[in-house]
Amino acid sequence: MPPGGGGPMKDCEYSQISTHSSSPMESPHKKKKIAARRKWEVFPGRNKFFCNGRIMMARQTGVFYLTLILILVTSGLFFAFDCPYLAVKITPAIPVVGGILFFFVMGTLLRTSFSDPGVLPRATPDEAADLERQIDIANGASSGGYRPPPRTKEVIINGQTVKLKYCFTCKIFRPPRASHCSLCDNCVERFDHHCPWVGNCVGKRNYRFFYMFILSLSFLTVFIFAFVITHVILRSQQAGFLNALKDSPASVLEAVVCFFSVWSIVGLSGFHTYLISSNQTTNEDIKGSWSNKRGKENYNPYSYGNIFTNCCVALCGPISPSLIDRRGYIQPDTPQPAAPSNGMAAYGATQSQSDMAAATPLLQSEPSLTSDELHLPGKPGLGTPCASLTLGQPTPPSSMPNLAAEATLTDILPLKEEHVGHQFLTPEEAPSPPGMLVGSPLSHSRTVHVLGLASQDSLHEDSVRGLVKLSSV
């Protein structure tokens, strides 16, 4: 039996309320799931990614699409208008060989354009700070002021002094033969050049595919150009030159495109054949890094001294893995532990009204008295907005509830029997709403929920005034 009389005590279940959630009854253990992001989504370089990071290209891809159109249109016209005539008049092997060259060209082009050329990852802020600290220690700097690190370091490779330049964008000393691409804004390992025709940088990881692309494209261009001329000559022998051009106008377009492109493509293939045989890059050749003009002792430390060995290393050596791990997931930051609050929530003076409402323990399934039903003359109602109250320090929950007041309230406002099983809060678990005035009727540590709206009409004003006085004890 409860103190002060009344019926038997009803079994109540207690639930913990999170004062930091937007809903009063939301469990504090339920946290919002943040979708994991991949590294390519926050990649600092100027690149475009497709297929969830599997395809990596430069942002300037307009010339790449022009390359695709030229190859597809020229080859398509050749297979549609020239190959049927040549297969009958000469041999059916012509379209077969042309098809093999075409697919090899397209495969190497896409492999060059869609792959990582060998981008070097940028230093993290901690790594950059540690590097500058090591440089200061090595240089004997004792002053605390900031001083930019030196531009170069020197290393010995096969008896040749090689300078390593510091990249102020990536905050690293670039490895030998690496360079920073201004278009992609990345440091690329064994940087050769940025090729707009393939829409990507050409570096350590895709150079062999670039070389095979331009070499196979040279063969395909020469192949199409030669057999287009053959087609026109065979037709002109039967019906005259002008009639041959009228019968096959597509051959004229193919011959013009191939004639103006074959010289540059074949010349580029020959140039890169020379670079591969001497184990140089375009960047090194343009700068004259290993030219004899710099001195008799200047030589290429990367050359094996054998053309065959240099070609095998460039074309048949193992492909190094990508260093940027663009499809890897970003590791979430470790959440900071909250400061101990001894079971009380600390609210600031600028806490919003929504947080104040969330901190109030309300049972969603139970009706309560409104401001119209418990309005006293000269006193604010229970439903008065929180903005009218002066914000201050929270009132600690009372550890010794007034059981006599609870019994009296039970006698005055009996609960209905059908509401058995609702969850109530203990005085220790119920948090105090922020910004309450000490001594206010709303500052009581327990929120009284009155059930049975039908019985509220018979309440007398004195009974209500007594209820408010009891609840403020």
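Computed values, structure above
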| item | result |
| --- | --- |
| Chain lengthening between Thr152 and Gln134 when straightened (0.36 nm per residue, less Cα-Cα) | 5.0 nm |
| Counted charge near His193, where neighbours are those whose Cβ lies closer than 12 Å (Asp, Glu -1; Lys, Arg +1) | -1 |
| Label-to-label distance, nm, for residues given as Ala239 and Thr169 (7 Å Cα→Cβ offset) | 5.7 |
| Inter-site label distance for Ser320 and Phe271 at 7 Å from Cα along Cβ, in nm | 2.5 |
| Quotient of C-alpha Rg and 2.2 N^0.38 Å, computed over region 163-214 | 1.17 |
| Accessible surface of region 240-332, 1.4 Å probe, proportion on carbon and sulfur as whole % | 66 |
| Heavy-atom surface of region 169-215, accessible at 1.4 Å and reported per residue (Å²) | 30 |
| Computed E for Glu41/Ala93 - FRET, C-beta separation, R0 45 angstrom, nearest 0.05 | 0.40 |
| Cβ-derived FRET efficiency at R0 51 Å, Val252 paired with Asn292, nearest 0.05 | 0.60 |
| Coil-residue trypsin sites (Lys or Arg not before Pro) of region 284-327, DSSP, other Cβ within 10 Å capped at 11 | Lys296 |
| Gain in span if fully extended, Ile229 to Phe308, counting 0.36 nm per residue against the direct Cα distance | 24.8 nm |
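The values are calculated or read from the model by the stated rules, or taken from the named source; none is laboratory data. For clarity, every value in this text was computed on a predicted model and none was experimentally measured. Neighbour counts are summed over all protein chains in view; Cβ atoms, including those assigned to glycine, are modelled from backbone coordinates with ideal geometry. Accessible surface is based on the protein model in full, side chains and every heavy atom, while ligands, DNA and RNA are left aside. Shrake-Rupley method; radii C 1.70, N 1.55, O 1.52, S 1.80 Å.
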